[in-house]
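For reference, the structure discussed in these notes is given below.
The values are calculated or read from the model by the stated rules, or taken from the named source; none is laboratory data. All figures in this text were calculated on a predicted structure; none of them were measured in a lab. We place every Cβ from the backbone using ideal geometry, glycine too, and count neighbours over all the protein chains shown.
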Amino acid sequence: MDLTGRWNFKEEFDSGKDEGIAILAHAGERVYGMLDFTEYIDEETPFQVKCKIEGSVIGDKVKMEMVDIEVISVEPIEYFPEIREGIINAKGQIVGSSEDEQGICGVFVFEKANNQ
């Protein structure tokens with residue numbers, strides 16, 4: 001499956017959630033692109049994260065790392081990048097789990113946008 005295109009992104013973790021979009025390019029075993037999302041943490045002001053992502057696709061397994069991260073927030077914030085590992089399921093979604101540098105884990109879904 002070619003992962004090139006626009007994807008809707010959602011992730012849930014113990015204290016909140018992320019929602020946004022990804023624009024991916026897929027060439028051979030390489031996947032790369034950008035991820036732009038808002039992070040909502042319980043009882044905190046939401047903030048936006050924009051980053052490049054780089055990773056691999058081997059069979060139905062996908063791994064993506066965040067690089068060149070920009071955090072847009074009205075308050076000072078320390079953001080810890082995540083590594084996301086998942087699979088391409090029968091619906092064509094990328095589903096899996098993430099873990100940041102603090103050990104906080106989440107569960108995510110990338111779903112191809114309707115216009116693709």
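Restricted to segment 1-97, the set of strands (runs of 3 or more DSSP E) holding at least 1 residues that are over 22 Å from A113 (Cβ atoms) and among the β-branched types (V, I, T) comprises 30-41, 47-58, 61-72, 82-88. Within segment 40-72, being in contact (Cβ under 8 Å) with a residue 40 or more places away in the chain and touching a Gly at 6+ places or on another chain (Cβ under 7 Å) holds for one residue alone: V62.
Within segment 74-98, restricting attention to residues that are modelled with pLDDT under 95 and surrounded by 12 or more Cβ atoms within 10 Å (Cβ to Cβ), the residue that is nearest to the chain's Cα centre (by Cα) is E82.
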